[in-house]
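Heads up, the thing below is written out as structure tokens.
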Amino acid sequence: MDLHRIAKRAVSDLVELVTGHLNIGASFTVGEYILPRILAAFTAKFPDVKFSVTIGNTEYVHESSREDSIDIGLVEGEVDDPQLEVNKFLHDELVFIVSKNHPLAGATIKPEDIGSRIKDIPFIIREEGSGTRFAVEKALESLDFHPSHVITLGSTQAIKESVEAGLGLSMLSRWTLRKEIKLGLIKPIRCCNPITRGFYLIQHNEKFQSRACAEFKKFILESDLTSILS
């Protein structure tokens, strides 16, 4: 059955048709806030390519790529795995956020003052295995900030709702906060030095790549995604 599927893809490639079906795995931040606009733009160019998208945390997508059960994985945070090809496709910034009525809403804090200014505020963070959690923990470590009260929630949306309600503060991808910041529902706390990371495309080194898969990969790596996402 695998050989039959590969043969059908190869025949389509030979007649110059970009068709077929792609199985895409995406981490929560990428899958919920980045991928939909990318798929819309790609589909406008290649309408005959169909998709199945599975969303899980970065650890899940990493394992799915290792097991060769997906064609392409899109994750937040770099993956170090010799079995995978890893390519950065988008730049991201992590932002401290609080509710619009918080005394620190919109404030600018020097990195060395972060710990003393926000140490007593509950800090809301994603679950273990999340790429965002890993990136946030790494950022907090670089700021020498160790929250005294940590609340763990399993989704970015749950964190945003909790911050908006005044439960505490958090740090999330700027891409996930566009609507809330624009509407004034959540306010950023600015750091003098931006805290950045990357989003990465991962793929098994030995994965058979149809033309549809190759075109999708090329589209993500070579397009002006900032314009597509704005």
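Counting only residues that are in contact with a helix residue (DSSP H, G or I) (Cβ under 7 Å, 6 or more places away or on another chain) and free of Cβ contacts under 8 Å to residues at least 40 places away in the same chain, how many does the stretch 20-53 have? Residues meeting the conditions: 2.
Taking the stretch 25-84 as the range and being among the basic types (Lys, Arg) and either surrounded by 15 or more Cβ atoms within 10 Å (Cβ to Cβ) or within 17 Å of residue 214 (Cα to Cα) (or both) as the test, the residues that pass are 45, 50, 66. Summed over the stretch 37-68, the residues that are outside any strand (DSSP E or B), within 23 Å of residue 155 (Cβ to Cβ) and not hydrophobic (A, V, I, L, M, F, W, C) give a count of 9. Inspection of the stretch 146-169 finds a residue satisfying the criterion of being crowded, with 19+ Cβ neighbours inside 10 Å, more than 30 Å from residue 23 (Cβ to Cβ) and touching a Ser or Thr at 6+ places or on another chain (Cβ under 8 Å). The set of residues in the stretch 42-81 being more than 17 Å from residue 19 (Cα to Cα), in contact with a strand residue (DSSP E or B) (Cβ under 7 Å, 6 or more places away or on another chain) and of a type in the set (Asp, Glu) consists of 68, 76, 78.
One residue is enough: does the stretch 85-103 have a residue meeting the conditions touching a helix residue (DSSP H, G or I) at 6+ places or on another chain (Cβ under 7 Å), in a loop (DSSP other than H, G, I, E, B), within 29 Å of residue 160 (Cα to Cα) and not acidic (Asp, Glu)? Among the residues of the stretch 85-103, not one is touching a helix residue (DSSP H, G or I) at 6+ places or on another chain (Cβ under 7 Å), in a loop (DSSP other than H, G, I, E, B), within 29 Å of residue 160 (Cα to Cα) and not acidic (Asp, Glu), which makes the answer no. Just to be sure I understand, how many residues within the stretch 178-194 are touching a Pro at 6+ places or on another chain (Cβ under 8 Å), surrounded by 20 or more Cβ atoms within 10 Å (Cβ to Cβ) and closer than 15 Å to residue 162 by Cα? Total satisfying the criteria: 0.
Among residues of the stretch 107-116 being farther than 17 Å from residue 168 by Cβ and touching a residue at least 40 places away in the same chain (Cβ under 8 Å), the one that is surrounded by the most Cβ atoms within 10 Å (Cβ to Cβ) is 111.
Against the condition among the aromatic types (Phe, Trp, Tyr) and in the same structural domain as residue 131 (by TED's automatic domain parsing), how does residue 46 come out, does it pass? Criteria not met by residue 46.
Just one of the listed residues (141, 164, 137) is over 23 Å from residue 36 (Cα atoms) and in contact (Cβ under 8 Å) with a residue 60 or more places away in the chain, namely 164.
The values are calculated or read from the model by the stated rules, or taken from the named source; none is laboratory data. For clarity, every value in this text was computed on a predicted model and none was experimentally measured. Quick reminder, even Gly has a Cβ in these numbers, built from the backbone with ideal geometry, and neighbours come from all protein chains shown.
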